[in-house]
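I have placed the structure first, in the form of structure tokens, so that the comments after it can refer back to it.
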Amino acid sequence: MPDTRNAIDVRNAVKRYGSFTALQSITLSIRDNEFFTLLGPSGCGKTTLLRMIAGFEDVTEGEIFLFGEEIENLPPHQRPVNTVFQNYALFPHMTIEENVMFGLEMRGSSRDAARKKAGEMLELVQLTPFSARKPSQLSGGQQQRVALARALAPQPKVLLLDEPLSALDLKLRQAMRSELKSIQRETGITFTFVTHDQEEALTMSDRIAVMSAGRLQQLGEARDIYERPVNRFVADFIGETNLLDARIEAVDASVATCRLGSGLTLECDAIGNARPGADVHISIRPERMTLAAANGDPWQGTVKENIFVGTDVQTVVQLQGGIALTVRTQNSAAGVATIFDPGTEVAITVEAGAARMLED
Amino acid sequence: MAGAAATGGSARSDTYASARNWLLLPSWAVLCIFVLAPVAMMLVYSFLTKEFRGGVIWEFTLAAYDQFFFDRGLFGDEPARIDWTYILIFWRSIWQAGLATFLALLIGFPTAYFIATRPAQTRTVWVFLITIPYWVNLLIRTVSMKFLLRDQGPLNDFLLATGLIDDPVRIINTNAAVQIGLFYSYLPFMVLPIYASVERYNFALSEAAADLYASKWTTLRRIVIPSVRPGIIAGCILVFVPSLGAFLAPDLLGGAKNFMIGSLIEEQFKGNAGNWPFGAAASMILLTLVLVILMFLARQQARADREATS
């Protein structure tokens, strides 16, 4: 029996289109009241999963529960969830107010009650002065907020958002992020958000499910996923990282000593089935390493280039044995002091706990 | 300098303007020869005196219009009473055309919706199938329809064979036969514009409506139909107008009792019994009627367009 306190429980959900499998047995829970994000590259199945929760796609196998109630066989108009569509899908022949009132009227509200509620919703998204306009008379950002008001008005148990910010320009997108987050907190409605933008996911979400190739790769809190990626896909997709091939030399309690191809050794937390002799991948975030003048330590190499990216400087260092590492140094007085010209021999320090062993 | 530049600019736009006028000439010529001239001729003829074996005498009179609306007795010397004969024929025609339009919409909309929601490759095939009857002349198709509908025709044979009826049903020479003929002749004119509208319809709107608790039927009524209204109005015009002036279906399928405007006008220009000025007057009245209806629909259309785009 699924936990009735969970907003959404997806159990072994499979989606097949003919012989193509879009989703391979997904199981995950979305907690009540949280900002949950499905994150992955296009084609990973995240939108398919969202559409299955909304009811627009049939579930080939498996179950979906909404607060403990099985919903995968209900048509979309009988599911108490609402969607903010990628291109808003506002009704062009209705005014903004009529758009927001639509769902309320369909649920049986009187016109007056619906109008009152629509007014509150338009106030929440700060569009009260536009209520009599048609969608085409609004900017993209305003249409976005109408779509949000329309979906929130019937007070759904879960709000589904399908890449709602992707059609907006950068500044607006950033402003909308914090607005969405604060509306989620204000209304207390569970948000399920789909995006391919990892920054968007990290800044807004309570928890993130990273998906790839129709599979759930990792589920956890934003920081958790960034700091402790379980596999190469997650480490690479979320933020930037240095991926290194290594062989386990020894495992002592929970610490594994790994040897890189060049003979350098590195200690990191041992995971699950780590045993001596196994080949593994190791991820080190560029900002978790620092440079210093060469001091005879085996962890040293030659600066190949410095790339200025505004807030940081990325330095590519060539280690002995051909391994190239990217190190990120903050563009501050203290940081700039540790940046060296190309050709200089430098020592690299990897922060304790920064090296992360991956499952595959 | 600035002044010279401005002069140069306006000289050039003059050149463009005159070039444009010359290029528009062929269109104007076609319009004048094939639209304005015949209508003008009809207008003039409607005010002339009739010649008994067809043709006209060049003498101004309102007799044709008078004959249409009033009855002055056999010798034309009685006080004028309103003559309902022709007005009734007009009324019946409008009613028949309206009914044909309604039936075409009833069948045409689901057909168009069905085609527009098929995968892209199959859509073309369906549209092609819809247009196939148009490869055969309307007269031939209407005559064939006559054979299909007659008492011993395939339709009755089929109904008899299935045991639905015991005696042949009389279809030919009834209003129903005219309806079937009009419906069959003009159905594609309803299907194609609606299809074009539905094809451009954003089906995400239907998903949004379903997401907001609207049933399929409510979604159709409140979201789909308002969105494709321009296509529906275009289809209605394209079926109603030719149905109103049709004479093949009423003549061949409706028999003598079910006279429509088209047949009435056609009679006036045929053989020795004709009355050209009267035929011209009836045409002018029909034209006025159609224009009034079109203007009404055009205003509806403009409103629908405004609502769809604004």
Within the stretch A:163-175, can one find any residue that is part of a helix (DSSP H, G or I), touching a Leu at 6+ places or on another chain (Cβ under 6 Å), open to solvent by less than 10 Å² (accessible area, probe 1.4 Å) and more than 12 Å from chain B (Cβ to nearest Cβ)?
no
Any idea which of B:L159, B:L129, B:L106 is modelled with pLDDT under 90 and of a type outside the set (F, W, Y)?
B:L159
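Residue by residue, here is whether (1) within 13 Å of chain A (Cβ to nearest Cβ); (2) within 25 Å of A:R51 (Cβ to Cβ); (3) at pLDDT 95 or above holds:
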| position | (1), (2), (3) |
| --- | --- |
| B:E199 | no, yes, no |
| B:N202 | yes, yes, no |
| B:L205 | yes, yes, yes |
| B:A208 | yes, yes, yes |
| B:K216 | yes, yes, no |
| B:S227 | yes, yes, no |
Go through the stretch A:137-161 and report how many residues are of a type in the set (K, R), open to solvent by 10 Å² or more (accessible area, probe 1.4 Å) and assigned to a helix (DSSP H, G or I).
1
What's the number of the only condition in (1) open to solvent by 50 Å² or more (accessible area, probe 1.4 Å); (2) within 30 Å of B:W84 (Cβ to Cβ); (3) of a type outside the set (D, E) that B:K216 fails to meet?
(2)
Would you be able to say whether some residue in the stretch A:248-257 is surrounded by 20 or more Cβ atoms within 10 Å (Cβ to Cβ), touching a residue at least 12 places away in the same chain (Cβ under 8 Å), within 19 Å of A:V327 (Cβ to Cβ) and not basic (K, R)?
no
Tell me yes or no: at least one residue of the stretch A:327-342 is part of a strand (DSSP E or B) and under 18 Å from A:A246 (Cβ atoms).
no
Among (1) outside any helix (DSSP H, G or I); (2) open to solvent by less than 70 Å² (accessible area, probe 1.4 Å), where does B:F90 come up short?
(1)
Yes/no for A:G310 being closer than 18 Å to A:L266 by Cα and surrounded by fewer than 17 Cβ atoms within 10 Å (Cβ to Cβ):
no
Does B:T142 satisfy being part of a helix (DSSP H, G or I), more than 14 Å from every other protein chain (Cβ to nearest Cβ), surrounded by fewer than 16 Cβ atoms within 10 Å (Cβ to Cβ) and among the polar types (S, T, N, Q)?
no
Does A:T338 satisfy the condition of being buried (at least 16 other Cβ atoms within 10 Å of the Cβ), of a type in the set (S, T, N, Q) and at pLDDT below 90?
yes
Near pairs, Cβ below 8 angstrom, 6+ apart or cross-chain, from the stretch B:111-133 (closer than 20 Å to B:V228 by Cβ and open to solvent by 80 Å² or more (accessible area, probe 1.4 Å)) to any residue that is part of a helix (DSSP H, G or I) and among the aliphatic types (A, V, I, L, M):
B:W126/B:I115
In this structure, is B:L99 within 15 Å of B:I194 (Cα to Cα), of a type outside the set (K, R) and under 22 Å from the mean Cα position of the chain (by Cα)?
no
Note on the stretch A:91-120: residues closer than 22 Å to A:D162 by Cβ, more than 8 Å from every other protein chain (Cβ to nearest Cβ) and outside any helix (DSSP H, G or I) are A:M94
Residue in the stretch A:266-300 that is most open to solvent (accessible area, probe 1.4 Å), counting only those that are β-branched (V, I, T) and at pLDDT 85 or above
A:T290
Does A:A213 qualify as being within 15 Å of the chain's Cα centre (by Cα) and in the same structural domain as A:V81 (by TED's automatic domain parsing)?
no
Going through (1) open to solvent by less than 20 Å² (accessible area, probe 1.4 Å); (2) among the hydrophobic types (A, V, I, L, M, F, W, C); (3) under 25 Å from A:V84 (Cβ atoms) one by one, B:I194 fails only at (3)
Picking from B:I89, B:I82, which residue would you name as being touching a residue at least 24 places away in the same chain (Cβ under 8 Å) and either of a type outside the set (D, E, K, R) or not assigned by TED's automatic domain parsing to the domain that holds B:I233 (or both)?
B:I89
Which is farther than 15 Å from A:L243 by Cβ and in the same structural domain as A:V255 (by TED's automatic domain parsing), of A:A324, A:A354, A:A293?
A:A293
Evaluation of B:K146 against (1) closer than 30 Å to A:P156 by Cα; (2) in contact with a Leu (Cβ under 8 Å, 6 or more places away or on another chain); (3) basic (K, R) (one fails), failing number
(1)
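The values are calculated or read from the model by the stated rules, or taken from the named source; none is laboratory data. Keep in mind that what you see is a predicted model, and the values were worked out from it rather than measured. Note: ideal-geometry Cβ built from the backbone for every residue, glycine included; neighbour counts use all protein chains shown. Note: areas computed on protein heavy atoms with side chains; ligands, DNA, RNA excluded. Shrake-Rupley method; radii C 1.70, N 1.55, O 1.52, S 1.80 Å.
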